[in-house]
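Reading through the structure tokens given below for one structure.
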Amino acid sequence: MLRLLQQPMRKCRAFAARLLGLLRARRADADFAAELEAHVALHTEDGVRAGFTPENARRQALIKLGGAEQALQAQRERRTLPWLENFAQDLRYSLRTLRRSPGFTATAVLTLALGIGACTAIFSMVYAVLLRSLPYGDPGRLVYLFTPDPSLHLPPEIFSPTNADFFDIQRENRLYSNMSFVGQSAVNLAGQGAVERIGAARVDENFFSTLEAYPEWGRAISTGDQLQGHDHVAVISHALWQSMFAGSPDVLKDSISLDSVNYRIVGVMPPEFGYPHGTDIPYGNAEVKTTETWIPLALTPQQKADRDNASADAAIARLRPGVTIREAQSELGIIEARLDKLHMPLLQGCGALVKSFLDIVVGPVRPLMNLLLGAVILVLLIACGNTASLLLARASDRLRELGVRAALGAKRSRIARQLLTESLLIGVGGGAIGVVLAWLFLQVLPSLNPGNISRLGEASLDARVLLFAVAVSVLASVLSGILPALTVSRLDVTGLLGGSSRAIAGKHSRVQSALIVAEAAMVVVLMASAGLLIRSYINIASVSTGFSRSTVSMKISLDEHPGVTSQQQAAQRSAFFHSLIARLGALPGVSDAGAINYLPLSGSESLDTIWVDGYANRKDQLAEGRSITPDYFRAMGIPLIAGRAFTEADVSSHAHVVIVNQRFAQIYFAGRNPIGGRVGGDNRHWDTVVGVVADVRHFSLEEAPEPQFYHPDYGGFDSAYIAVRSTLPSRTVAAEARAVVRTIDPSVAVADVHTMGELESEASAQRRFQTTLLTLFAGVALLLALAGIFGLMSYSVSRREREVGIRMALGAQRGDVMLLVLGNAALLLGLGLTIGFGCAWFAVGVMKSFLFEVGGHDPLTLCIACVLLAMFGLLAAIVPARRAASVDPMQALRAE
Amino acid sequence: MGGKTDVWQGTLALMVLRTLESMGPQHGYGLARRIEQTSGDLLALNYGTLYPALLKLEQEGFIRSRWGVSENNRRAKFYELTKAGERQLKRATAEWEQTTEILARFLAPAQEA
């Protein structure tokens, strides 16, 4: 009852006093001895006064005190913290025992280090990509707004509201505190000497306040900046500030030239801000990896009123506090239902979609991160299992020692605590090495980066990750230490000291066997998963892209020239590309040169509605439309299947001709000869099909080719990809091309120089990333499990030497003994394989979305995983088996 | 000895505080004797358990100690109440009284009910 009165503060004070007591133990002991001395003397004096002899009186006093030594001990326990002292004692003892068996210690520590290292490394990555808060205020309240037309059967995230729709929504909504309209593009930045291509965003005055991200220097884009004539201002990224202006504070007096137009710099964003990144806007500009500059959107009143054609790339909004996405969705539905009727009839049918910002920005990589986390957790569990097994083996070797301690009065909890202390030490060691391993992993991570996971490069061992590593280490120590501690502390003293240690060891090895079975099962799951990814990757690698890998491609973007009519502009472009292609084609070593507006695997896309003569046309017929120069197919190595390629005459005479791909021909000219057939689009004349070319994988390697059609053109694009087929190295080709471009127009940038093979490899980079990591983890898991099997078998052989000796004395052959050990290993492996097979069968369902042309329940992969484990597992058991077979029966029998 | 009661868990601290309040600074032996006398020699106090209790009170800041000289000229450690100890004594007394009162109601012969 009194205890209720003790306030926590008093407890803290007492705790501090006791902690201090640890430091002043000796002086306090002397002090208390003096106090007791005085006590006994006072008591004795009283006794003498009452008539006892001094000896008797002193004896009485001591009895009443309950023994001086006991009083001293009780005082000591109260003065300091006994558990802390015990812990220090356990720690010293554990360190001594661990040092005595370095082989065991090294194995256990390294095993745990692998598990903890893998976990920490992957966590640091997941933390950077998914968990670390984005550099925007409360990203949970940010949403994207879309107005999708379901009848077009396209991903809804393609449809951003049109300009007029956006401004009406902005006026009528009640649920958003802020809304912003963002355009994403790549621009030519004139630097010292060379022209550079950077990501730019055209933003309205609400952009920064919607994201709640503000310049670290200078100001944001304001309402005044949106007015015509005042709109040549720019906010730049921290990186650009550093690279172009060397971080000079005078940057606000400076300007940058974007697409040959000067912009006055008004602000610098903080280092972590780069919105929109390439993956932040669905189906955004794939050329942009991160945004380096923000300039005013500056729409004219006419543009703002455009309801049918113009739109920015993304509409983002910040929900008012407490508003749910569902509420926002229903409000946008009501608003858009009214606005839809204002569209021209062909474009009616727009719905409304509100999607969480986080789902769009980090959602796509979440499954991959979960997969990798799952994999490393299995690795960690296997490592813990191994360490537990090692600790168990050692505990049964130390039964006698533990028995002596128990007999001398050590409590069971004390023995268990001591064993746990040991595993904690191993965990700490493993954690320390694991952090080093994680650091090494992070050094190679950038080279594995597939490029389409935003913020992956920011993964680092910061305080939170280190805290995670500590937590995992403690968890791992407890996981691996708890089983041995429990089994040992449950034994009684006679059992520990008596001759029945053999039976106890048997019990231990049953637990160890169960651990091995579980490990084998987990390894099967991991190997099967890795196997499925490897097979998917092989399938991807063998996909036929339709073009030649050696062709060199590069992007050329022409500046827009305001104040020039579109006809004049088209003529200028046409002249530029004509002369560029002609000069490139004439270079020595170059066999063909061509241009296209949307290059395969460049992340760009354009879909057109088409009509085919003699086909039952529907409203939503879409095909990939391209403009190419006559030699494009030859430059890309795309084979002509039927008919002819384009000629220069087709371009100059504006001939109404079109070339389609095989898929197009199969769908729209089924059973007919496509050559001579007619294809048209909205408001367009008929074009006559003059040729059929092979299919090309355009958007990704994993999607089957869509219907594609090509028109001959030189001037219909402001930016184009040049394709050059030559025998020269790609770097030489790029240098030559740059030189040629400079002689025609020095303000034009040559960007994205790649061979098509590189683009292909980039397109499969994420697969390579996930396959490499999962295979690595499966390999580590296999290695750990093999070490576990080897350890268990060696241990059980050493325990059973006597039994083996008896068997041999009774006539067993060495072969029989080997078979006995191998049979034992095979039994455990078999059990593990069966369980693992079952688990894998269910677990791979999770992997469906990661597979390409492989069924989740691919029997071949599962069987290979099982066979591999069985093979390696038996190999690991062979060494102990041979040792068992080499036992000398006489020696073994005499040993005990 | 058979008629003597052991000190209940937790009540020793209250006895110490109360004794120190009424007697002023006192050494361990004197405190022990006084507690026994006050109880009318009904309590069997193991003197050895008094010292950890004193240490605990000191760690909690309710009492403080210093070396002094006893009435018969012996060096001994004297304990005295602190301000926090006085407050604690008031609180504990009130609480203890309430507890005994509640308990008394339960244990009283059921005449009125």
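Please express the Cα-Cα pair-distance distribution P(r) of the stretch B:5-107 as a list of whole percents, one per 5 Å bin, running from 0 to the bin with the greatest distance. P(r) for the stretch B:5-107, in whole percents per bin: 2, 12, 22, 23, 20, 11, 5, 2, 1, 0, 0. Once R0 is set to 45 Å, what does the formula 1/(1 + (r/R0)^6) return for the Cβ-Cβ distance between A:A541 and A:R510, expressed as a FRET efficiency to the nearest 0.05? Once the sixth-power term is evaluated, E becomes 0.45. Place a +1 charge on the Cβ of each Lys and Arg in the stretch B:5-107 and a -1 charge on the Cβ of each Asp and Glu, then give the dipole magnitude about the Cα centre in debye, rounded to the nearest 20. In debye, rounded to 20, the stretch B:5-107 gives about 400.
Pairs with C-alpha atoms separated by more than 23 Å, drawn from the list A:K64/B:K77; A:K411/B:K56; B:K56/B:K83; A:K555/A:K619; A:K289/A:K848, are A:K411/B:K56; A:K555/A:K619; A:K289/A:K848.
The mean number of Cβ atoms from other chains found within 10 Å of a Cβ in peptide B:94-107 is 1, as a whole number.
Taking every alpha-carbon pair under 8 Å whose residues sit at least 6 apart, chain A reaches a relative contact order of 14 percent. Considering all C-alpha pairs of the stretch A:560-746, those separated by over 29 Å amount to 24%.
The simple Förster model, with R0 at 35 Å and r as the Cβ-Cβ distance, assigns A:R894 and A:V478 a FRET efficiency of 0.25. About its Cα centre, the protein assembly as shown has a charge dipole of approximately 5680 debye under the convention of +1 per Lys or Arg Cβ and -1 per Asp or Glu Cβ, with nothing else charged.
Think of chain A as a dipole: +1 on every Lys or Arg Cβ, -1 on every Asp or Glu Cβ, centred on the Cα centre; then among A:T324, A:G836, A:P215, A:G836 lies furthest on the positive end. Under a no-solvent Debye model with one identical scatterer per Cα of the stretch A:552-607, what's log10 I(q)/I(0) at q = 0.21, 0.26, 0.27, 0.28 Å⁻¹? After summing over all Cα pairs, the log10 values are -0.97, -1.12, -1.14, -1.16. For the stretch A:148-351, a Kirkwood hydrodynamic radius built from all Cα pairs, placed in the Stokes-Einstein relation at 37 °C and 0.692 mPa s, yields a translational diffusion coefficient of 182 µm²/s. Compared with the alpha-carbon gap, the fully stretched path from A:T300 to A:S209 is longer by 30.6 nm at 0.36 nm per residue.
Extension gain for A:L342-A:I63 works out to 90.1 nm (0.36 nm per residue, less the C-alpha to C-alpha distance). Along the axis of the charge dipole computed for the protein assembly as shown (Cβ charges of +1 for Lys and Arg, -1 for Asp and Glu, origin at the Cα centre), the listed residues A:W611, A:A459, A:A649 are led at the positive end by A:A459. Remark: spin-label model distance A:R100-B:T38 equals 5.3 nm, labels positioned 7 Å along the Cα→Cβ axis. Using alpha-carbon pairs under 8 Å, 6+ residues apart, how would you state the relative contact order of the stretch B:5-107 in percent? The value is 30 percent.
Our helix-only sum for chain A, with -39,500 (n - 2.57) per DSSP H run of n ≥ 4 divided by its residues, gives a mean residue ellipticity at 222 nm of -18000 deg cm²/dmol. Against chain A, whose longest principal axis comes from its Cα atoms, helix A:8-23 is set at around 70 degrees. Centroid-to-centroid, using Cα positions, the stretch A:554-630 and the stretch A:632-707 are 14 Å apart.
Averaged over the residues of B:37-46, the number of partner chain Cβ atoms lying within 10 Å of the residue Cβ comes to 1.
For a test of the definition: using alpha carbon positions, the gyration tensor, and the 1.5 limit on a/c, classify the stretch A:287-327 as rounded, prolate or oblate.
oblate
What is the distance in Å between the Cα centroid of the stretch A:398-452 and that of the stretch A:260-281? With the stretch A:398-452 and the stretch A:260-281 each reduced to a Cα centre, they are spaced 47 Å.
Dividing the radius of gyration of the alpha carbons in the stretch A:90-247 by their Kirkwood radius gives 1.22 for Rg/Rh. For the stretch A:143-295, the relative contact order works out to 24 percent when only alpha carbon pairs closer than 8 Å and six or more residues apart are counted.
Residues of the stretch A:828-864 with the amide nitrogen closer than 17 Å to a label point 7 Å from the Cα of A:L358, along Cα-to-Cβ, please. Flagged as within label range: none.
Distance between the C-alpha centres of the stretch A:838-877 and the stretch A:756-772: 23 Å, rounded to the whole angstrom. Give me the extension gain from A:Q89 to A:A407: residue separation times 0.36 nm, minus the current Cα-Cα distance, reported in nm with one decimal. Using 0.36 nm per residue and subtracting the Cα-Cα distance, I get 112.6 nm. Scanning residues 5 or more positions from A:S591 or on other chains, those with amide H under 5 Å from its amide H are A:R725, A:S726, A:T727, with H placed 1.01 Å from N in the peptide plane. Here the Karplus relation 6.51 cos²θ - 1.76 cosθ + 1.60, evaluated at θ = phi - 60°, turns the backbone of the stretch A:206-216 into coupling constants of 9, 3, 6, 6, 5, 7, 6, 10, 10, x, 7 Hz, with x for every Gly and Pro.
Residue by residue along A:38-44, Cβ atoms of other protein chains within 10 Å of the local Cβ number 6 on average. Take the Cα of A:K619, go 7 Å toward its beta carbon, and the backbone nitrogen atoms of the stretch A:139-178 under 12 Å from that spot belong to A:149-153. For chain A, the longest principal axis of the Cα atoms and the long axis of helix A:859-885 meet at an angle of about 30 degrees. Treating r as the C-beta distance of A:F15 and B:T100 and R0 as 35 Å, the FRET efficiency rounds to 0.70.
For the stretch B:49-113, a simple Cβ point-charge model (Lys and Arg +1, Asp and Glu -1, everything else neutral) yields a dipole of about 500 debye relative to the Cα centre. Taking every Cα-Cα distance in the stretch A:384-465 and sorting them into 10 Å bins from zero, the calculated P(r) comes out as 14, 30, 20, 16, 12, 6, 1 percent. According to the square roots a ≥ b ≥ c of the eigenvalues of the Cα gyration tensor, what is the shape class of the stretch A:806-896, taking rounded for a/c under 1.5, prolate for a/b larger than b/c otherwise, and oblate for the remainder? Prolate shape, in that a/c is at least 1.5 and a/b is the bigger ratio.
Under the combined filter of DSSP loop state and at most 14 neighbouring Cβ atoms within 10 Å, the stretch A:693-760 retains these GluC sites (Glu not before Pro): A:E703.
In the protein assembly as shown, the alpha-carbon atoms span a convex hull of 305 Å³ per residue. Taking the three principal axes of the alpha carbon atoms in the stretch A:254-412, the coordinate ranges are 95, 47, 29 Å, sorted in descending order. Look at the dipole of the protein assembly as shown built from charges on Cβ: of A:G191, A:G224, A:V543, the Cα furthest out on the positive end belongs to A:V543.
The ranking of A:Y710, A:Y127 from fewest to most other beta carbons within 10 Å of each one's beta carbon is A:Y127, A:Y710.
Where a number appears in this text, it was derived from the coordinates with a stated rule and is not lab data. Just so you know, these numbers come straight off a predicted model, no measurement behind them. No Cβ is skipped: glycine too gets one built from the backbone with ideal geometry, and neighbour counts run over all protein chains shown.
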